1. For the chain, what does -39500 (n - 2.57) per DSSP helix run (n ≥ 4), summed and divided by total residues, give at 222 nm, in deg cm²/dmol to the nearest 500?
2. Rank these by accessible area, largest first, 1.4 Å probe: I73, I41.
3. If you roll a 1.4 Å probe over the heavy atoms of the protein chains, what accessible area per residue do you get for the chain, in Å²?
4. What full-extension length gain, to one decimal in nm, is calculated for E55 and H82 as 0.36 nm per residue of separation minus the Cα-Cα distance?
5. List the equivalent ellipsoid semi-axes of the chain in whole Å, largest first, each obtained as the square root of 5λ for an eigenvalue λ of the Cα gyration tensor.
6. Pairing the Cα long axis of helix 35-48 with the longest principal axis of the chain, what angle in degrees results, from 0 to 90 and rounded to the nearest 10?
7. Using a 1.4 Å probe on the protein heavy atoms, what percent of the accessible area of the chain belongs to carbon and sulfur?
8. Could you calculate the contour length gain from D46 to K7, that is, 0.36 nm times the residue separation minus the distance between their Cα atoms, to one decimal place in nm?
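The values are calculated or read from the model by the stated rules, or taken from the named source; none is laboratory data. Since we're looking at a predicted model, the values are computed, not measured. Ligands, DNA and RNA are stripped out before the accessible areas are found, and what is left, the full protein with its side chains, is counted by its heavy atoms. Shrake-Rupley method; radii C 1.70, N 1.55, O 1.52, S 1.80 Å.
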Amino acid sequence: MGRSDEKKLLTERLKYFIEEVFPCDLLPWLACLTTADKQQIQRDQDRHGDIKATETLVDRLKRRQDGFSQFVIALRSNGSEHVAMLLDPEMKGITQLS
């Protein structure tokens, strides 16, 4: 799957997982994000809650190389397998970073 396909998938499926993700719990697994990205996500979570922070997280992931794969791995590492399966049912994201 190419980056444009990954971006499209994140955009299309966001509505199905936006209330299921706790963005700040995922940040340690997301090396693709800059410090500024992580700070903005944390600020959004503190000020506006998880849903706004998830929107910011997905927006930033779409801009970063390996963002999709790292996100899927982070979800699986944090007990959100159901969300990871929504995005990567064949578990291709794991092999992309191996």
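1. Value at 222 nm, helices only, nearest 500: -21500 deg cm²/dmol.
2. Per-residue accessible area, sorted high to low, gives I73, I41.
3. Per-residue value: 56 Å².
4. 7.9 nm
5. 19, 14, 13
6. 60
7. Details: 2620 of 5500 Å².
Its accessible area is 48 percent carbon and sulfur atoms.
8. Details: separation 39, 0.36 × 39 = 14.04 nm, distance 2.58 nm.
Full extension of this stretch gives 11.5 nm more.
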